[in-house]
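Student: I'd like to ask you about the structure that follows.
The values are calculated or read from the model by the stated rules, or taken from the named source; none is laboratory data. In this text, all values refer to a predicted model and were calculated from it rather than measured experimentally. Because the Cβ atoms are built from the backbone with ideal geometry, glycine has one as well, and the counts that use them run over all protein chains shown.
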C-alpha cells in the first residue's frame, strides 16, 4: 500500500512540474533564455504599465533568436511588448 501511495505522490509531483514548465507558450525554450519569465514580465511592465493578458517565449531570427512577447492591456487598449533577450532590448508597439 505504501508503494502505491508513493507512486501516486511521485506522479502528482511530475504532473505539477510539467504543467509549470509549460505554463506559457514557448515555455520549453526557457532553459535557453538568459532571463526568466518573471524578470521579463517586470521589464515589460516597466516599459508599459498595465496588465499582461498573454505571454510567450518564441524563437525568431537574429542573435540568440529568443524573444519574450507580451500583450499588455493599458488604458483600454492592448499593446504588444517584445524583449530581445540577447541584446537586452525591449520595445513596445501599439496594435
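Student: Kindly establish whether residue 38 is assigned to a helix (DSSP H, G or I), modelled with pLDDT of 85 or more and out of contact with any helix residue (DSSP H, G or I) (no Cβ under 9 Å at 6 or more places or on another chain).
Tutor: yes
Student: Could you check the stretch 50-95 and list, in sequence order, the residues that are modelled with pLDDT of 85 or more, surrounded by fewer than 14 Cβ atoms within 10 Å (Cβ to Cβ) and either part of a strand (DSSP E or B) or in contact with a strand residue (DSSP E or B) (Cβ under 6 Å, 6 or more places away or on another chain) (or both)?
Tutor: Passing the criteria: 51, 53, 54, 58, 59, 77.
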